[in-house]
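Heads up, the thing below is written out as structure tokens.
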Amino acid sequence: MLALLDTVLILALTGLAFAVRGPDPLLIPALFVAAVTPALLRSDLARRRLPNGITLPGLGVAASSCLAALAAGHGAGDALAPLALSILVFVAGVAVALSGVVGGGDVKLAALLAGAASGLDPGIPLPAGLGTAAAGGVVGLWQVGRRWRTRLSSSPSPPGVAPGRVTRVTVSSAPPAAPRSGALRPGASWSVPYGPCLLLGFWLAVAYAALA
């Protein structure tokens, strides 16, 4: 059933990409994104991971498509603009990632989506970025509200212990158990899954361009 849903989603996203730009080398990155969107969504939502095994090949596909477009007779500006935007987004993303706000996978995915969006239509990257920012803001507010509700509903003091009274706490010297394979890393349950936000902003902008 999951494979069927993935196939339907991939075909629908592929159709949107084709509706914006017909067969062309610059269409290839968007087709790659369509093919890997289900896997990226599941990985980031479940583990807060955007695998290098997906994002790095995607960057290679994006760069190769620009060179293929140049060889196919596209003007240098048209063919290399997506590559230039990908590099710009990647450099800016690395600067943000150094502050710890986003992860390296988010940076690589953002660079891939920027190039794919520009390759489809130069007018798509801006609304895609705005859509991503809006989605990230909504998810971030939801996470803040979730954390606040958790703090308010935290367990009360044990019976017989007055609120505010200091009690002895025993701290184990044993190291924390390693997380299970595929489990969320410590603190990740409160982090914002930016991958789905990036993909949502990208595909909403593509859908708007296809229907416009």
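Bear in mind these aren't lab numbers, they're just calculated from the coordinates by the rules spelled out. Because the structure is predicted, anything quoted here is derived from the model rather than measured. Note: ideal-geometry Cβ built from the backbone for every residue, glycine included; neighbour counts use all protein chains shown.
Residues in the stretch 9-27 that are of a type outside the set (Val, Ile, Thr), within 18 Å of residue 37 (Cβ to Cβ) and surrounded by fewer than 18 Cβ atoms within 10 Å (Cβ to Cβ): 9, 11, 12, 15, 18, 19, 21.
Among the candidates 30, 110, 46, 97, single out the residue that is surrounded by 15 or more Cβ atoms within 10 Å (Cβ to Cβ), within 23 Å of residue 140 (Cβ to Cβ) and in contact (Cβ under 8 Å) with a residue 60 or more places away in the chain. Of the residues listed, the single one that is surrounded by 15 or more Cβ atoms within 10 Å (Cβ to Cβ), within 23 Å of residue 140 (Cβ to Cβ) and in contact (Cβ under 8 Å) with a residue 60 or more places away in the chain is 110.
Residues in the stretch 11-68 that are in contact with an Asp or Glu (Cβ under 7 Å, 6 or more places away or on another chain) and among the hydrophobic types (A, V, I, L, M, F, W, C): 20, 50. When we screen 82, 122, 127 for residues that are surrounded by fewer than 19 Cβ atoms within 10 Å (Cβ to Cβ) and assigned to a helix (DSSP H, G or I), the only hit is 127. When you look at residue 101, is it assigned to a helix (DSSP H, G or I) and of a type in the set (A, V, I, L, M, F, W, C), yes or no? So residue 101 does not fit the description; no. The residues in the stretch 1-31 that are under 30 Å from residue 73 (Cβ atoms) and in contact with a Pro (Cβ under 8 Å, 6 or more places away or on another chain) can be counted, and the count is 3. Residues in the stretch 21-36: is at least one of a type in the set (Asp, Glu), assigned to a helix (DSSP H, G or I) and out of contact with any strand residue (DSSP E or B) (no Cβ under 7 Å at 6 or more places or on another chain)? Checked the stretch 21-36: no residue is of a type in the set (Asp, Glu), assigned to a helix (DSSP H, G or I) and out of contact with any strand residue (DSSP E or B) (no Cβ under 7 Å at 6 or more places or on another chain).
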